[in-house]
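Presented below is the structure to which this report refers.
Read the figures in this text as sums done on the coordinates, not as results from a lab. Just so we're clear, the structure is a prediction, and the values are computed from it rather than from any experiment. FYI the Cβ positions are ideal-geometry reconstructions off the backbone, even for glycines, and counts take in every protein chain you see.
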Amino acid sequence: MAAARRLKRVAAAQPGFMTLNTSIKPEHLVSNRRKRVNKNKKKNWNKHIDVNDVEDFLEDIRLQERTTGGLISDKTDESLFFLDAGDKKAATQTEKTGKRKASRPLKVDQILTNHSLVPVPKDILAYQVPNAKKLRSVAKKAEQLAAIGKVPKKHRPPSKVARTTKTTATDAPNNPTRDFYDIWGQESELSKETRDPWYLRQTGKAPVKRREKWNEKSSLLPAVEVIAPGGSYNPDFFSHQALLLKAHEVEVKKEKEENKILKQLAYDKDDRATEETVFQEQVEGLEEEDEEDDHDVDDGCTLGILNLVEKKTEKQRKRERLLKIKEQRRLASRYKTGQQQQLFQLRSIKVSLRQREQRTKQRQIQRRANQEAEKYRPRRLGKLKFMAQDLEVQLTNELTGSLRTLKPEGSVLKDRFKSLQKRNLIEPRERAKFKRRLKVKYVEKRSFREIT
């Protein structure tokens, strides 16, 4: 930058350089006196450097470019000066014809016109094409396909005729003569299939048809199950005893499962190892190692003997080949004989096929029954298994026979939560366990110490 400024100052100092602004002289642009300033420091770069002469010089150059289209020193005399002899021909022509020259433009338009002779810079954005690189690659690929003889996909004729959904003036939604659609009216199954034709014409597709399986319920169990008659506040004796027996069976089943787990984890204390048994096992282990070594030696000897066996002769190989072919023929004839014997077993084969069909039908019936029974049982939706709620039953001595003195049992919230799990609406869950990260520190207050 400094070198360019120095060159411009040197050019302005030349005798052939002409300034358009008469107030600026070339000798004023170049100063002989320099200020002695330490330019190594950044704070002195703009503080002690005078650039007014450079700015004036550049402004004079810009003025020359605007008015003359370049530097005056570079222009020829013919382009700068001309001889004004007057337009005599135009004057005589106007006197003969009596016509005036065209009126000049208004002063406002003259002010707004561009008087600068500097050419307008090119608009780079006007020459830029969006996605030019992608379009070039697409055109190149189209040329390659054309050279092979293939047609691009977008230029191929459509495989199916596109549906045209044009609306007429009478079908417009803002037309007052359009048919009234009652959203609260009762509709038949036929009208549901062909309802709202305007919607079909606008969207070009019918509403999504749900699968029949989606409309099936996840469980056929009732939302609210009625408790057995024995659970009443004043139940009948037999119905109460039946409910007690049911609760007893549940508890017995739980106890059996617990005992089964304890039995599997139990061990006999008398079967614990003693010092004698440990010593005996160690001695047996040493004897087994000696036997294994003996076996290894015997195996080495047998391998050496096998290596000494001579190779088979051509006669032996030919004989083995003939025996192999003979065995294959025997098996093929046996298979063919078995197929011929099956002709005489058609009756028994039909009976076996009939039995197989019956077994298949029975399995299908059983499978359908199991599927129907699954709708009345909770499924395995998560990693936890559904645990049924305990029966809410009162013992015989706890019955009061009066609602006023009845002791409430269970929880409505827990009952609803278990019902949702049982009907496969939510998965079985456990309450999140809170684990304290920091230890609790107990501190006795001063007031507590004073009392104790």
For GLY230, the net charge from surrounding residues (Cβ-Cβ under 11 Å; K, R +1; D, E -1) works out to -1
Within the stretch 386-440, report the trypsin sites (Lys or Arg not before Pro) that DSSP leaves as loop and that have at most 14 other Cβ atoms within 10 Å. ARG404, ARG429, ARG431, LYS433, LYS435, ARG436, ARG437, LYS439
Excluding GLN366 itself, what net charge comes from residues whose Cβ is under 14 Å from its Cβ, given Lys and Arg +1 and Asp and Glu -1? +3
Neighbour counts of other C-beta atoms within 10 Å: give me ARG272, ARG66 arranged from fewest to most. ARG272, ARG66
Looking at the stretch 346-452 from every direction and averaging, what is the projected area of its Cα convex hull in nm²? 18.7 nm²
Do the alpha carbons of any pairs in LYS217/LYS418; LYS260/LYS433; LYS260/LYS385 sit beyond 21 Å of each other, and which pairs? LYS260/LYS433
